[in-house]
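Down below is the structure, laid out as structure tokens.
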Amino acid sequence: DYAVGDLGYNLMYYWVSTYLMIFYTDVFGISMAAVSTLFLLVRVFDAANDPIIGAMADKTKQRTGAYKSWIKWGSFGLGASCILLFWAHPEWGYSWKIVYVYVTYILVVCFSPATNMPYGVLNGTLPTSTMERTRLSTLRMFMLMIGNMAVVAASEPILRFFAGPSNNGTTSYLFTIGLFTLIAVPM
């Protein structure tokens, strides 16, 4: 059960890592310079955001444990924000598109550590045997790679399926990430 969470996380987040720049430039119609600036500025924000979210998760006191609610609600938030991230709005003006990509990318960058950081810390709360922790960590990394490979292997055929003959990709990305999210969030 433990390693399945990484599979689910990467079925969503690997889309951000791999396809977001392509989507923003080729489908959403934003310049490469604007996307590069977005990535830089949001990553600077992320550098401050991650320790804050980690500290908040560590201080959470609930009867189900400190991290379970973060993983659960963070997964829903990550799934919803990933869907919003890949939702093209071709009718919008360029300035509104820029505002939209900043807001949605910041949401993803907030929900990603809210899910993944508490999940990663769970390994330290599991069995005390070093051998068992090593085995679980190895399995976790294996599932991470399975999630990444699944996105790479399945994305193009699924995008083509949803694109249809007259679609320039505006809805195919939305439907594809939606499908991956439906599979991933319960994991």
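The values are calculated or read from the model by the stated rules, or taken from the named source; none is laboratory data. Given the structure is predicted, the values throughout are model-derived calculations rather than measurements. Neighbour counts run over all protein chains shown; Cβ positions are idealised from the backbone, glycine included. The protein model used for the area step is the full one, side chains on, heavy atoms only, and it has no ligands, DNA or RNA in it. Shrake-Rupley method; radii C 1.70, N 1.55, O 1.52, S 1.80 Å.
The residue list I22, I30 contains one member that is β-branched (V, I, T) and either open to solvent by 20 Å² or more (accessible area, probe 1.4 Å) or assigned to a helix (DSSP H, G or I) (or both), which is I22.
Out of the stretch 53-84, which residues are farther than 17 Å from M12 by Cβ and of a type in the set (S, T, N, Q)? Listed by number, the residues that qualify are T60, Q62, T64, S69.
Within the stretch 155-187, the set of residues being small (G, A, S) and free of Cβ contacts under 8 Å to residues at least 24 places away in the same chain comprises A163, G164, S166, S172.
Restricting attention to the stretch 102-119, the residues that are crowded, with 22+ Cβ neighbours inside 10 Å, hydrophobic (A, V, I, L, M, F, W, C) and modelled with pLDDT of 90 or more total 1.
When the residues of the stretch 165-187 are filtered to those that are among the β-branched types (V, I, T) and out of contact with any Cys (no Cβ under 9 Å at 6 or more places or on another chain), which remaining residue is most open to solvent (accessible area, probe 1.4 Å)? For the stretch 165-187, the residue satisfying everything is I183.
Collect the residues in the stretch 56-70 that are at pLDDT 70 or above and loosely packed, with under 10 Cβ neighbours inside 10 Å, keeping them in residue-number order. Correct list: K59, K61, R63. Look at the stretch 77-94: where a residue is modelled with pLDDT under 90 and a partner is assigned to a helix (DSSP H, G or I) and open to solvent by 10 Å² or more (accessible area, probe 1.4 Å), sitting 6+ places away or on another chain with Cβ atoms under 8 Å, you get A88/V27; A88/Y173; A88/L174; H89/W96; H89/K97; H89/Y100. Within the span defined as the stretch 155-164, every residue fails to be open to solvent by 70 Å² or more (accessible area, probe 1.4 Å) and closer than 25 Å to P51 by Cα. Of all the criteria given as (1) under 23 Å from M141 (Cβ atoms); (2) without any contact (Cβ under 8 Å) to a residue 40 or more places away in the chain, the one not satisfied by K59 is (1).
Evaluate the stretch 124-135: report whether one residue or more is out of contact with any Leu (no Cβ under 8 Å at 6 or more places or on another chain) and closer than 14 Å to V4 by Cβ. Among the residues of the stretch 124-135, not one is out of contact with any Leu (no Cβ under 8 Å at 6 or more places or on another chain) and closer than 14 Å to V4 by Cβ, which makes the answer no.
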